[in-house]
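Scroll down for the structure; my scribbles are underneath it.
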Amino acid sequence: AGGTYSGTGVSGNNFDPAISGTGTFVITYTYTDAIGCVNTTSQNISVNPIPTVTVSPQNAVVCAAEPVTLTASGATTYTWAPAPDLNTNNGAAVTAAPLYTTTYVVTGTANGCSNSASTTVTVNPLPVITFTATPTTGCEPLTVDFDFVPSAEVMPNSWTWNFASLGSSTLTNP
């Protein structure tokens, strides 16, 4: 007398999804009582796949507070962390604008199953720039000399002065 379980994925008295894989499986319990009467009952067990969550771009590089769009795929719903530098912490696409290098983790859920992926946004510091204008006040017509001394991290000849309607210049001191 006693009962037994049978079906794909059954090991002893347990169902093991590592054995069955994903899909829907009929598990049957067969019981024989002390006088030899047999009865069975069955139940469906559904095993959903773990979503394969990916995020792009991988390893983005931005300047401090520069926005970058992070996009996840492979699931139905998404939750992002850490949230402080994100425009939202839910959805397939979020905008991050970190001040410091940050690793973002997205958890995707589909059919009740979850998985995570991560990406690091490396933040390069803004270059240190200063310039002086001489004179800073005067009467029209006013000629102003600009003096720009680039810091070590500023590449030579990599700047542009923008004078609005008067045009632009790439000279160090226009």
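The values are calculated or read from the model by the stated rules, or taken from the named source; none is laboratory data. Everything numeric in this text was worked out from a predicted model, so none of it was measured. Every residue, glycine among them, receives a Cβ derived from its backbone with ideal geometry; neighbour counts consider all protein chains shown. Each accessible area value is taken on the protein alone, full model and side chains, heavy atoms only, with ligands, DNA and RNA left out. Shrake-Rupley method; radii C 1.70, N 1.55, O 1.52, S 1.80 Å.
Whether a residue is touching a helix residue (DSSP H, G or I) at 6+ places or on another chain (Cβ under 7 Å) and surrounded by 14 or more Cβ atoms within 10 Å (Cβ to Cβ) was assessed, and Gly9 passes this test.
Scanning segment 1-48 for residues that are without any contact (Cβ under 8 Å) to a residue 12 or more places away in the chain and either of a type in the set (Gly, Ala, Ser) or closer than 24 Å to Gly112 by Cα (or both) yields Ser11, Gly12, Asn14, Asp16, Ala18, Ile19, Gly36. Taking the criterion of being open to solvent by less than 70 Å² (accessible area, probe 1.4 Å) and free of Cβ contacts under 8 Å to residues at least 24 places away in the same chain, the residues of segment 108-149 that qualify are Ala133, Pro135, Gly138, Val144.
Has segment 87-102 got at least one residue that is small (Gly, Ala, Ser) and farther than 24 Å from Ala65 by Cα? For segment 87-102, residues small (Gly, Ala, Ser) and farther than 24 Å from Ala65 by Cα: absent.
The residues on offer are Thr30, Thr41, Thr24, and the sole one that is open to solvent by less than 70 Å² (accessible area, probe 1.4 Å), modelled with pLDDT of 95 or more and part of a strand (DSSP E or B) is Thr30. Scanning segment 78-111 for residues that are over 9 Å from the mean Cα position of the chain (by Cα), within 30 Å of Gly23 (Cα to Cα) and of a type in the set (A, V, I, L, M, F, W, C) yields a count of 1.
Residues that are closer than 30 Å to Val121 by Cβ, touching a residue at least 12 places away in the same chain (Cβ under 8 Å) and in contact with a Pro (Cβ under 7 Å, 6 or more places away or on another chain): does segment 57-66 have at least one? Yes, segment 57-66 contains a residue that is closer than 30 Å to Val121 by Cβ, touching a residue at least 12 places away in the same chain (Cβ under 8 Å) and in contact with a Pro (Cβ under 7 Å, 6 or more places away or on another chain). The residues of segment 67-77 that are more than 13 Å from Thr120 (Cα to Cα), over 9 Å from the mean Cα position of the chain (by Cα) and crowded, with 16+ Cβ neighbours inside 10 Å, listed by number, are Ser73, Gly74, Ala75.
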